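The values are calculated or read from the model by the stated rules, or taken from the named source; none is laboratory data. Keep in mind that this is a model prediction, so the values were computed, not measured. Here the Cβ is made from the backbone with ideal geometry for all residues, glycine too, and neighbour counts use every protein chain on show.
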Amino acid sequence: MQCPKCHAPMHTYNRNGVQIEQCSGCRGIFLDYGELEALTRLESQWSQPAPPPPGAPQAYPAAPAPAWGAPHGGHGGHYGGHGGHHRHKSFGHMLFSS
Amino acid sequence: MTTTPLLSELTARAKARAHPRTDTCPCTAATLADRPDATVVRHADTVAKAHAPGTPLGDLVPRLATATRLPGILLAPLSPAPVDLTPHARLVTFWPYGTPVDPDTPEAAPWEAAATLLARLHRTPAPTPLPPMRGPAKAARAVTRLTATGRTHPATSPVLKAWAALPAWARDEAPMPDDSTLCHGDLHLGQLVRHPAPDGPWLLIDVDDLGTGVPSWDLARPAAWYACGLLPPDEWTRFLTAYRAAGGPAVPADGDPWPALDIPARALTVQTAARAVAKAVVEGRPLDEVEVSMIDACARMTSLPPELSTGCAK
């Protein structure tokens, strides 16, 4: 779909199971009916975590991130060091800079 | 690298400090950094640092005293008082050489050691009265530079808007809500060395921004990298878990750490984005994808007001 504000194409992201359309131009976000409520519900679950389910614990449970963070849960996936990929050179420099 | 009069004199001073009784030596000297705000040279096991022009002696001395009195957390200087390099109007300090994190293998970054050192620093009462930690002041300076150099760049507007949405203390326009916790003030992977070299324990270096303030600022650079999708979640989790395991007070012991991290992480994202845009303008080059990810995060911040926490878990 097209952004109602700047008319650039909008891309769909899945954030914690909620489909979000984000504009590739102005970065505006479109939510369908009920999606804001779904996000709010997820947020309140973060602040009141349920007891962990029985069974083997995960090595790294999903870490919370701020709402302004990178979309579609792709933390580290683009530029990061998953699975021995090389880090982006620019990020390698950023790690050592004030 | 161009040799400036300051660099030549600093090199000579480092050599004199390393070998007080000999005129010649087989050692090779190296320039570790030569930036407007710091020139650092190494000679054998001695490092000499010329601090930023205008560094107040009255601020640097208690910061050096703190490093001297916190062995096991901060690298201690070789002597407690800076030398005034008069013709250059620069204060110079001398340090033992420590082995830094290898910039070519940042995936071997000692996240646990960094987090544990920060937790211990934050739990330690300031051993001497200190000026405020300079994190917010550094962020404000980066934004000031952006407004001077990047006024016409399209990425400047979202960065400035995200900055304007931050509370006054994070913009260095009001005192921080915590004025007692000891903080490093400029944590990144270049601020860790092993001493004694090459495989002694990790220690924090660089006391220029050390002071009292909001301790979550020291966690906020890795937090910002993680939030912007640059630092993989497992590395962020290792860092945060080690900080909590060491009893660090900047975030609650469990649950969501973001109410405490949100404002400093926003501020450091803005600072990094501001530096990136200003640099790209000066160098006449486009932003790379990593820099764009920081600016995109700034744009998203504007629609989401900062979390209500002051950034302190205490």
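Picking from residues in the range B:102-152 that are part of a loop (DSSP other than H, G, I, E, B) and in contact with a Gly (Cβ under 6 Å, 6 or more places away or on another chain), the one that is farthest from B:Ala164 (Cα to Cα) is B:Leu130.
Taking the conditions exactly as written (at the interface with another protein chain (Cβ under 10 Å from one of its Cβ atoms), surrounded by fewer than 24 Cβ atoms within 10 Å (Cβ to Cβ) and in contact with a strand residue (DSSP E or B) (Cβ under 9 Å, 6 or more places away or on another chain)), does B:Asp208 satisfy them or not?
yes
Quick check: anything in the range B:62-74 at pLDDT 95 or above, loosely packed, with under 15 Cβ neighbours inside 10 Å and more than 30 Å from B:His19 (Cα to Cα)? There is no residue in the range B:62-74 that is at pLDDT 95 or above, loosely packed, with under 15 Cβ neighbours inside 10 Å and more than 30 Å from B:His19 (Cα to Cα). Pull out all pairs, ordered by first then second residue, where Cβ-Cβ is under 6 Å, the residues are six or more apart or on different chains, the first lies in the range A:87-98 and is facing another protein chain (nearest Cβ under 7 Å), and the second is modelled with pLDDT of 90 or more and assigned to a helix (DSSP H, G or I). Short answer, once both residue conditions are applied: A:His88/B:Val290; A:Ser90/B:Val290; A:Phe91/B:Val290; A:Leu95/B:Leu189; A:Phe96/B:Leu189; A:Phe96/B:Gly190. Here the range B:282-305 is the region considered, the condition is being more than 9 Å from every other protein chain (Cβ to nearest Cβ) and surrounded by fewer than 19 Cβ atoms within 10 Å (Cβ to Cβ), and the residue that is farthest from B:Thr149 (Cα to Cα) is B:Pro305. Name the residues in the range B:50-96 that are under 25 Å from B:Ala115 (Cβ atoms) and either without any contact (Cβ under 8 Å) to a residue 12 or more places away in the chain or not in a helix (DSSP H, G or I) (or both), would you? Those that are under 25 Å from B:Ala115 (Cβ atoms) and either without any contact (Cβ under 8 Å) to a residue 12 or more places away in the chain or not in a helix (DSSP H, G or I) (or both): B:Leu70, B:Pro71, B:Gly72, B:Ile73, B:Leu74, B:Leu75, B:Ala76, B:Pro77, B:Trp95, B:Pro96.
Quick check on the range B:234-245: of everything there that is within 7 Å of chain A (Cβ to nearest Cβ) and surrounded by fewer than 21 Cβ atoms within 10 Å (Cβ to Cβ), which residue is nearest to the chain's Cα centre (by Cα)? Among them, the one singled out is B:Thr237. The selection criterion, being touching a residue at least 12 places away in the same chain (Cβ under 8 Å), in contact with a Leu (Cβ under 6 Å, 6 or more places away or on another chain) and of a type in the set (Gly, Ala, Ser), does not hold for B:Gly229. Checking the conditions here, which among B:Pro129, B:Pro80 is more than 25 Å from B:Arg275 (Cα to Cα) and either touching a Cys at 6+ places or on another chain (Cβ under 7 Å) or modelled with pLDDT under 95 (or both)? Only one candidate qualifies: B:Pro80. The set of residues in the range B:211-233 that are part of a loop (DSSP other than H, G, I, E, B) and more than 7 Å from chain A (Cβ to nearest Cβ) comprises B:Gly213, B:Val214.
Listed here are the residues, each with its yes/no results for (1) touching a strand residue (DSSP E or B) at 6+ places or on another chain (Cβ under 8 Å); (2) among the hydrophobic types (A, V, I, L, M, F, W, C).
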position	(1), (2)
B:Leu117	yes, yes
B:Arg120	no, no
B:Leu130	yes, yes
B:Leu146	no, yes
B:His153	no, no
B:Ser157	no, no
B:Ala168	no, yes
B:Glu173	no, no
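Within the range B:246-268, the set of residues being within 8 Å of chain A (Cβ to nearest Cβ) and under 19 Å from the mean Cα position of the chain (by Cα) comprises B:Leu261, B:Asp262, B:Ala265, B:Arg266.
In the range B:247-264, the residues that are on the phi > 0 side of the Ramachandran plot reach residues that are modelled with pLDDT under 95 and not polar (S, T, N, Q) with C-beta atoms within less than 7 angstrom, at least six apart or across chains, in these pairs: B:Gly255/A:Pro49.
Between B:Ala108, B:Ala137, the distinction of being closer than 30 Å to B:Val159 by Cβ and within 14 Å of chain A (Cβ to nearest Cβ) belongs to B:Ala137 only.
Look at B:Leu85 and say whether it is over 19 Å from the mean Cα position of the chain (by Cα), within 18 Å of B:Arg194 (Cα to Cα) and not assigned by TED's automatic domain parsing to the domain that holds B:Arg194. So B:Leu85 does not fit the description; no. Taken together, B:Asp218, B:Asp234, B:Asp254 contain a single residue that is modelled with pLDDT of 95 or more and of a type in the set (Asp, Glu), which is B:Asp218.
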